[in-house]
Amino acid sequence: HFEMLAEVHGKRKKLYRRIAKTGNAIYYDCIREDGRILKITKEKIRYINNCKVTFIHSAVHASQSKADFTQKPDYLKYYIHNRLNLKNEQQEILLSAFLVSCFWGDEIFHPIIQMYGEKGASKSTCMERIQSIIDPHTIGLYALFHKVDDVALLLGANFMTIFDNVSSIPWTISD
């Protein structure tokens with residue numbers, strides 16, 4: 001629908017989901033009732049009105065908790081160590097790097113996280129917490145569909161899509 005309107009009216013504008021990086025700023029759509037967006041620059045972090053980027057979201061996107069500007073950067077390390085049940089410091093460092101990279105928006109390609117472990121090892125809980133940091137949803141994690149169109153719809157509608165309990169990727173969607 002948006003693409004058709006752009007063609008008819010001759011105006012195109014990039015639409016973002018949750019996170020956008022333009023110029024020297026990163027914008028984070030917290031999906032707040034007041035519509036304010038979090039703007040992050042190397043100088044400061046603040047909520048702004050009248051954001052120059054356009055975000056879209058759907059009913060499954062949840063609002064992000066209010067930013068606590070008093071937290072020290074070390075809090076991420078504390079949170080990962082105490083809340084995400086990883087095996088060792090190396091995994092904690094890798095996950096920290098992944099989380100930070102998510103805030104670069106579509107400027108870079110993002111790796112796929114694959115959690116593995118014994119039954120009851122809190123893999124799903126860990127993934128839900130990761131999602132709550134980056135792109136909170138109201139419906140939790142997704143099952144991996146077998147139809148390409150269904151997977152494409154989910155991937156296109158979310159900034160971060162997490163599939164739960166995937167033991168293999170069906171051949172119908174592997175390419």
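Details
- Sparse-neighbourhood loop sites, trypsin sites (Lys or Arg not before Pro) in segment 104-143 - DSSP loop, at most 11 other Cβ within 10 angstrom: K119
- Cα gyration tensor category, rounded, prolate or oblate, for segment 8-66 with a/c compared to 1.5: oblate
- Using the 1.4 Å probe convention, the accessible area of the chain works out to 71 Å² per residue with neighbouring protein chains retained.
- Percent RCO, i.e. relative contact order, over the chain, from Cα pairs under 8 Å lying at least 6 residues apart: 20
- Segment 16-83 - share of DSSP beta bridges that are antiparallel (%, nearest 5): 90
- Environment charge at K21 (Cβ cut-off 9 Å; Lys +1, Arg +1, Asp -1, Glu -1): -2
- 10 Å-binned pair-distance histogram of the chain (Cα, whole percent): 8, 32, 37, 18, 5, 0
- Cleavage-rule hits, GluC sites (Glu not before Pro), segment 80-175, DSSP coil, Cβ neighbours within 10 Å at most 15: E118
- Shape class for segment 59-129, computed from the alpha carbon gyration tensor (a ≥ b ≥ c): rounded, with a/c under 1.5.
- Between segment 114-174 and segment 30-86, the Cα center-to-center distance that results, in Å: 21
- Segment 91-175: C-alpha gyration tensor shape, a/c 1.5 cut-off, then a/b vs b/c: oblate
- Surface composition of segment 28-128: carbon and sulfur atoms hold 53% of the protein heavy-atom accessible area at a 1.4 Å probe.
The values are calculated or read from the model by the stated rules, or taken from the named source; none is laboratory data. For clarity, every value in this text was computed on a predicted model and none was experimentally measured. We place every Cβ from the backbone using ideal geometry, glycine too, and count neighbours over all the protein chains shown. Protein only, heavy atoms only, side chains kept; ligands, DNA and RNA dropped before computing areas. Shrake-Rupley method; radii C 1.70, N 1.55, O 1.52, S 1.80 Å.
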